[in-house]
Structure formats: C-alpha cells, structure tokens
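K.L.:
First, the structure itself, so that you have it in front of you.
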Amino acid sequence: MREKTAATLRQAMEAAHLEDGMTISFHHHLRNGDFVLDMVLREAEAMGLKGLRVAASSVFPCHGRLARAAERGVVAGLDTNYMSGPVAAAVARGAFAEPVRFRTHGGRPRAIDAGELHIDAAFIAAPAVDPLGNLSGVEGPSACGSLGYAMADAAHADTVIAVTDHFLDHSPERISIDHGQVDVVVKVDRIGDPAGIVSGTTKVTRDPVGLVIAEYAARAIEAAGLLRDGFCFQTGAGGASLAAASFVRERMREQGVRGRFLLGGITGYFVDMLEEGLFEDIYDVQCFDLAAVRSIRENAHHHEISASDYASVGRKRCYVDDLGAVLLGATEIDLDFNVNVHTDSNGVIIGGSGGHSDAAAGAEMAIIVAPLLRARLPIVVDRVRTVSTPGRTVDALVTEYGAAVNPARPELAQRLRDFGLPVFEIAELRRKALAMAGEPVRAPQGEREVAVVEYRDGTIIDRIMA
Amino acid sequence: MRIAKPTVQPIVKPSMAGSLESNDCLVSLHPLAKEELREGEEVRVEVDSIVQIQFGAQIEATARDVLARFGLTRVLVRIQDKGALDCTLRARLEAAVLRAGGDDHEA
Amino acid sequence: MKRRTMLFVPGNNPGMLISGPVLGADALIFDLEDAVAEAEKDAARLLVRNALKTLECGATERVVRINGVDTPHWRADVAAIVAKEAGAGAGTVLLPKCSTPADVALVAEALSAEEKRAGRADGEVRLLALLESALGIENAFAVATCSPRVSGLFLGAEDLSADLGAQRTLTGEEIAYARGRVVVAAKAARVDAIDTPFTVVDDLENLERDAQLGRRMGFDGKAVISPQHVRIVNRVYSPSDKEIAWAEKIRAAMQRATAEGKGAFSVDGSMVDGPIVKRALRILQTAGRLNQEADGLREE
C-alpha cells in the first residue's frame, strides 16, 4: 500500500503518464456532490494537457469545470450515460470538439469490456480505502454505498487511480473494488459534498395526478399477472415512482406475495420493503439515500453489483433480464412507443438514458409513467425528437387518464381491460391531449450534430442536433 | 355571464388577473396613449411563456380575439404564461378586461 | 346517481380544476365560496365557467358551490355557470349557508331565469342544500321538500359547530345529532344525504373511521377536501364483496320466486320481505351491478 500512495493528485496523474488525447474516466456515485472530476480537470489544465476524452458514467450540475475545460480545449470529447446542468448547455453550444457519445448504464461497461471504450486512466472517487488499498463505498464522510458503475473501469483501465479522503485502519464491511486492481492511491481534502451525494430522504409524491398515475401503474402490473412469488421489480427514485412502489407494496402485502429482488438505484423505500420481507434481495448498482447506504453496509441480502452485471448485454446474463416490471419516465413518447429521455421539447439536452433502455429491454413489462400534459405539452407526440429507448421494448404507457398498450402486446391490453383499467390506443391519448391543449408548434432542429445516442448493444440509434 | 359589449374604446385603468402558479398565467392590461402606438397598431400583445416556441403564437391570437370581442383598443396586454390551457387564458383575459373597465361587473 | 365521494376543487386554481376529472371522485364540487379570496371572486367565476365548458367529466357529476345568498356574488355565480359560455354547464348547484326554504326558492328562481336564457330545460340544474347552521338543521326536512330541484342534503359541520358553540372533535360526538337529523330528513324526503368532510388531510386512519361512521348512519356519500381521501372514502361507501354476494343471492332467489309465481320466499332459512329486497337492490346499484329494467328499480 505504502509504495503506491501518491502525495498529491498531480503526482498520481504524472504516474499515469497522461498525454494529449487520452481517455480518462469517472463514476457518478457522488452524484451532484462530486469534487473529483473537476479536481482532475483543473490539474489536467495546469499540466497543459489538451484534447482529453472524458468517459464519465454521468455528469451533474456540479461539474461546471468540465464545460470550461471543453471550451479551453483541455477536453475534446465526452462519453456519458446522462447529463444535466451547465455541461448539457455547453454541449448544445458546441463547446466539445467532437459529438458527445451517449451510452446506457449497461452499454458503457459492455463497451469497456469489449475494448470499444479504452480507458487510459480511471479516476475512482473512493469514500474509503483500507490499509491494503481495497476501495469501499460504505464508510467515510463521503460514503455513497455501491460503487457499481466504477467496476468496469477498475477492471480494464490502463492505470487505476483511487482518489479518497478517508483512510481506514481496518477492513471495511464491504469491499467494492479489490486492491489488486488499483495502481495508485491519493488522498485529498474532500472528494465530495455529502449533501449532494445522497438526497437524505425520498418521499412518496403528494401530487394528486402523480398518485393517480401511480395507482394505475400498480394495477397494470397486477393485471398483467406479474404480482406472484418471485416477482422482480425496478423503479426510479422520483416521488411518482415511489408512489407506484407504495401501491405495489400494499398489493403484495394483501396477497402475501414474496418477490425475489429489487434492482437498480436503491432508496430507503426499497430497503423498507426488503426489511419487511416482501423481497428476498436487493441488487444495488447505486444508492440514492442514507438509508440505502446503511442497508448495503449492514444487510447481507443487500448486494452490491457492477453495472455489467446489472445491465450489460455482453454478459451471458444480467439482472435486468429477470425483471417482471419496471416503471420508467419520459419527456416524450411517440405513436410507435419510442421514448425520449435525452432532450426536452425545445431540443435541449436534459438527461440521457441511464438505465432506461436497459431495464426496458430486460423487463417482461416496461411501463412508461407520465402525465398526459406537462405544462400544456402533450406527452404523446407523432415522432419523438430523440429516440432513447426503442418502442419495441416498451409495453405500456400509463397516464392519469388510463393506459395505452403497445399493439405488439394485444394479450396485455386485454388483461388490463379485463381488470377494469381504462385502455386507449396511444393515438387516442394524443388526440385527447391535443383537444385540451391545442397543437403545439414543433421547435426547429439545429443543423450541427452535437451528440450520438448509442444503444446498449453498440448500435447508433439517433443523433442530437443543436 | 352577460356583459354589455361596448363599442371600440380604450380601457379605463390598468388591471391584472391570474397568477404565476403552474398551469396559470398572469395577464396585465395597460392603457396606451395614442402616441405610444405604432402606425396602424391598435393592440399590443407581449407574451412570455414557458412554452413560447410551441404556443406563443396561439397565446397571442387568443389575446387578440378576446380583446376584439370586447372591442378594446389602445391597450398593452402582457401575458406571463406558466402553461395555461386556452380556457384558462381566456378566463384570465376576460377577468382583466372586466377589471380594467372599472364597472361593477357583479351587477 | 352515485355520490360516494364529492370532491371540493378550489375554483381559482387552474391546475386543480383541470386535474379534477381524473381523481376518481363521483362528483366534483368547483368551489367559488370558501376556497376563493374575496378579491378573486370575479376571476374564479370565469375560470369555473370555462372549465365547465372545456373539461371532459364523463360520468362525474359537475357541482358548483356558489356564494351564499347573503353575499353580492351569488347571482352572478348562477348566471355564469348556467350560461351558454359554460357549455353543458353545472349539473348541480351546492347552496352554502342554506337555512330556510326561502333560500332555496331564491336560488331556484334565479336558476329558472338563467335556464330559460341559456335555452336549457326548466329545472335541469339540481340543488344540493348545504346545511351548516342550527336553523338549517332544524329546517332540514322543509328544505329537502321545498323544491323538486333539491336532490340532497349536505352537512357542513365546521360552520355548524361554530354556530352551535360546539367544539369539533375527530370522533364527532358534537355533530351526532345533526348527522342523524340530516339522514332522517333526507330519507323521509327521498333525497341523498351527504356527510360532512373530514378536514385533517394527513390523518387517513381517522378519515376512514369517520367515513365508516357516516355510512353506518345511512349517508349516501361524503364530501372530500383532499384528493388523497377519495380512494378511501370510495372504498368505504362501496359495498364489500360479502355484501354484493349476499345481494346477488337475494336477487336470484327473488327471480326464482317470481318465475314460480310465489309471493314469499326464504334465503338461508330466513324469510325475505320487501325492505330486504330493496336493500339488496340498493347494494347492487351502488356496485354498478344493476340492470334497471330487469330489476325493476326506479331511481327514487
């Protein structure tokens, strides 16, 4: 351990023999509280490096330095699964010399495993490092739980640099990344701001329309016959998804159903369901709150998994393949059920796939939950501005007025009807929205390609113009 | 509601209706002096909407329609829109017009 | 007509008005009275008028709570919600602070005038009397029977308690008499009895208890002040599977007896008479399992 500790970040970076045009990678477990990406870029600029490619599993509003580094030529390319904040705005301005490559949470480790995304140096924010050099996410002032998104980087990068603010004098309850994969360890003052890392508490929505959508979604899952022993489930961490989870939980209790696992980004709400005995296990690629961090540290049935195991098609099997149902959001969905989570109705980048298309592809029933209108804008459009998740992998849209089922699944539509749920053609939902809101003018599209959207299997399924 | 439709006339006083809550809009009317108007201009409409690109033109058209029905001229209409549907926008415009008229429209 | 849940929606809030129809209530009450500040009465009236025209409410009853006859607003409220500009308009007017048949007569007359002006049938808009004063409770039966427009009595416990000098409690002992009186008067007049809302938004446990109490006492439904309450109150006021099964059994036995030309019949060893049949049919009606013609039940 001693010999691989660098005194400063600069020394660690020098040890990696960084050169212009190289690819450096980062994980996003510290979310909007991450200091490491900016810290490395500041140092890279000071070292006079140019044309770097940043492969960050996600980019948040705290990563303003990345936008600046792009404008100054320090960074030329960006490879990510999700972005929001000033970097998204910089992409639209054309600050990056090369089009951004959007991947999915499963597609990124697939590309790394396959050698398509070669990483010269991985900078792994590590909340705790033990005397052997093992990395752990469950201890230290910046504890974030799972380090699932960093695992492919640790396994394949030419140089692996762990950046930490907390040395342990013991072995932690959970080792996320083995010391055998780590080349250099460097200690800095702080790797992150705990307030931005975990949201603290996650609450079920109080929005009445959100609750109606959530209840319909839960009933759709029941109608599909999925609420049986062995059920595997994933939702997002938003208030509406949690509301749907709460209705699913109620039904499981009433019917004495015991599910097999909960998957994906984990909140305290999921932890409660595990502890209540409604599910056997949690497979956790990302913790969203402190309750999840505590649980992954203490509960042997709360497992840390890599992004590859979570969702990579390069694996013979991944966890999303076992999902019974997943609830996902959308900024737009079109008449062919294609979903956009990359851009808003003005064409501005506001997110990215994350695990959206992975979970949709794997789940037996992928449900998009969204209100019929969002600020007068119909959620159902003729053609989505950006295809994030192909319609063939989406089974149903659930709105506050009822559901629309993919015509490829007539038996599912019948089950929902038999269960007493209002079921519409998706075009009917569009007509309903237009009758209330009027027909929106489509925002013009730019002429410069600023990003490409790579599907989980490596094919390019769309391009984003600005 | 029954409203006696006045002949073409300027409004009496500035007025406001609505709010900046989501799904609502804030409409304000200001009388304009003749010299503040451009050649051939009778009504000026300013729209600031969260769905400007998609609905800005429709919002302006609705504003002009409502003012025309009341026969109002020499007026500046400002609309700050937070995603109001057309029925909401019309209600806010009409409320602002009635308030600007200075009549007791309760009667 | 089902009135298990009658949900109040603030009349000057476009977001809530628009989402009203999807919240699962049997009736929506667009509120022009307490939910609207004095300075916004004019704007709310226009907004509700336009909402009545635009919103697709389906089978949901459209009720408007107008301002009381002791205010300068009520007449314009009536005009706006019946006018052509309101499209299909309000189906029902909820009249607050209704204390005497004279209050009803005043509004009924105004409705007739506005119906005529809008080209609607006379008497089309129905009335619900909101009884929320001691005098209103005392006059319950007279109010319920004074006009064919009156389709129900609606208890308002908050104002009533103030009028009585009583203290509101979660368990509602202070309004036990008023509840009983309203139910008896409504049933005697063959109109609906609607229970007062439960006003603590987050106390879902006591909400359920309060709703169950009302249902046991004979109310037909309950006013609801939060969308969160709709699901629970709908459930409380819906027949249980056990009740439906019992009612189906009575109906089947009745149909057999009719076919065999028998007057009296028994189910599970007990004689079944008129009131029991009526109760069974009412359960089936609430559960939406009634074939009006075949079962010969008329709306009362």
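K.L.:
Over all Cα pairs of segment A:208-442, how is the pair count split among 10 Å bins, expressed in % and running from 0 up to the last occupied bin?
P.N.:
8, 33, 37, 18, 4, 0
K.L.:
At a Förster radius of 45 Å, what calculated FRET efficiency corresponds to the Cβ-Cβ distance of A:LEU434 and C:ALA105, to the nearest 0.05?
P.N.:
For A:LEU434 and C:ALA105, the calculated efficiency is 0.50.
K.L.:
Subtract the Cα-Cα distance of C:GLU38 and C:VAL200 from 0.36 nm times their separation in residues, and report this length gain in nm to one decimal.
P.N.:
55.9 nm
K.L.:
For segment A:2-197, what's the radius of gyration and Dmax over Cα atoms, in angstrom?
P.N.:
15.3, 48
K.L.:
With 20 Å as the cut-off, how large is the P(r) tail for segment A:274-355, expressed as percent of Cα-Cα pairs?
P.N.:
The answer is 52 percent, as a whole percent.
K.L.:
Just round it to a whole percent: the fraction of Cα-Cα distances in segment C:241-295 exceeding 17 Å.
P.N.:
Value for segment C:241-295: 30 percent of Cα pairs lie more than 17 Å apart.
K.L.:
Using θ = phi - 60° and the Karplus form 6.51 cos²θ - 1.76 cosθ + 1.60, what ³J(HN,Hα) does each residue of segment A:382-396 get, whole Hz, x for Gly and Pro?
P.N.:
Karplus-based 3J(HN,Hα) across segment A:382-396 equals 5, 8, 5, 5, 9, 8, 9, 10, x, x, 5, 9, 10, 9, 7 Hz.
K.L.:
Still on this structure: Please list 3J(HN,Hα) in residue order for segment A:206-213, calculated via the Karplus relation 6.51 cos²θ - 1.76 cosθ + 1.60 where θ = phi - 60°; whole Hz, with x for glycine and proline.
P.N.:
Result, ordered by residue: 10, 5, x, 5, x, 5, 5, 4 Hz.
K.L.:
Continuing with the same structure: So what are the ³J(HN,Hα) numbers for segment A:171-179, from phi and the Karplus equation (6.51, -1.76, 1.60; θ = phi - 60°), rounded to whole Hz, Gly and Pro as x?
P.N.:
Rounded to whole hertz, the list is 7, x, 4, 9, 9, 8, 10, 6, 4.
K.L.:
Roughly what angle does helix A:239-255 make with the longest principal axis of chain A, taking Cα atoms, 0 to 90 degrees, to the nearest 10?
P.N.:
Helix A:239-255 sits at roughly 60 degrees to that axis.
K.L.:
Can you show me the helix-derived [θ] at 222 nm for chain A, built from DSSP H runs with n ≥ 4 at -39,500 (n - 2.57) apiece and divided by the number of residues, rounded to the nearest 500.
P.N.:
-8000 deg cm²/dmol
K.L.:
While we're here: What translational diffusion coefficient, in µm²/s and rounded to a whole number, does the Stokes-Einstein relation yield for segment A:323-429 at 10 °C and a viscosity of 1.306 mPa s, taking the hydrodynamic radius as the Kirkwood radius over Cα pairs?
P.N.:
It diffuses with D of about 116 µm²/s by this estimate.
K.L.:
What's the angle, to the nearest 10 degrees (0 to 90), between helix C:176-188's Cα axis and the longest principal axis of chain C?
P.N.:
For C:176-188 against chain C, the angle is about 70 degrees.
K.L.:
Any chance you could run the full-extension gain for A:GLU449 through A:ASP418? It's 0.36 nm times the residue separation minus the Cα-Cα distance, nm to one decimal.
P.N.:
6.5 nm
K.L.:
Quick check: Cα centre of segment A:101-177 to Cα centre of segment B:18-66, how many Å?
P.N.:
Here the answer is 54 Å between Cα centres.
K.L.:
Taking a label point 7 Å from the Cα of B:GLU21 along the Cα→Cβ vector, which residues of segment C:58-98 have an amide N closer than 11 Å to it?
P.N.:
So the set is empty, nothing qualifies.
K.L.:
May I ask for the Kirkwood hydrodynamic radius of segment C:5-236, worked out over all distinct Cα pairs and given in angstroms to one decimal?
P.N.:
Every distinct Cα pair counted, the radius reaches 17.5 Å.
K.L.:
With viscosity set to 0.890 mPa s at 25 °C, what whole-number translational diffusion coefficient in µm²/s follows for chain A from Stokes-Einstein and a Kirkwood radius over Cα pairs?
P.N.:
Rounded, D is 109 µm²/s.
K.L.:
Taking +1 at the Cβ of each Lys and Arg and -1 at the Cβ of each Asp and Glu, which of A:GLY225, A:LEU242, A:SER142 sits farthest along the dipole of segment A:142-252 towards its positive end, judged by Cα position relative to the Cα centre?
P.N.:
The residue sitting most towards the positive pole is A:GLY225.
K.L.:
When the convex hull of the Cα atoms of the protein assembly as shown is projected onto a plane and the area is averaged over all directions, what value comes out in nm²?
P.N.:
Over all viewing directions, the protein assembly as shown projects a mean Cα-hull area of 43.4 nm².
K.L.:
In segment A:167-232, if the dipole is taken from +1 on Lys/Arg beta carbons and -1 on Asp/Glu beta carbons about the Cα centre, which of A:PRO172, A:VAL184, A:ALA195 is farthest to the positive end?
P.N.:
The one lying farthest along the dipole's positive direction is A:ALA195.
K.L.:
Now a separate question. Report P(r) for segment B:9-101: all Cα-Cα distances, bin width 5 Å, range 0 to the bin holding the largest distance, values in whole percent.
P.N.:
Calculated over all Cα pairs of segment B:9-101, the distribution is 3, 16, 28, 26, 16, 9, 2, 0 percent.
K.L.:
Next question. Using alpha carbons only, how many degrees (0 to 90, rounded to 10) separate the axis of helix C:274-286 from the longest principal axis of chain C?
P.N.:
50 degrees
K.L.:
Distance check, please: which entries in C:LYS2/C:LYS249; A:LYS203/C:LYS41; A:LYS187/A:LYS316; B:LYS82/C:LYS53; C:LYS41/C:LYS84 exceed 26 angstrom between their Cα atoms?
P.N.:
A:LYS203/C:LYS41; A:LYS187/A:LYS316
Values in this text are rule-based calculations from the coordinates and carry no lab data. No experiment lies behind these values; they were computed from the predicted model shown. Here the Cβ is made from the backbone with ideal geometry for all residues, glycine too, and neighbour counts use every protein chain on show.
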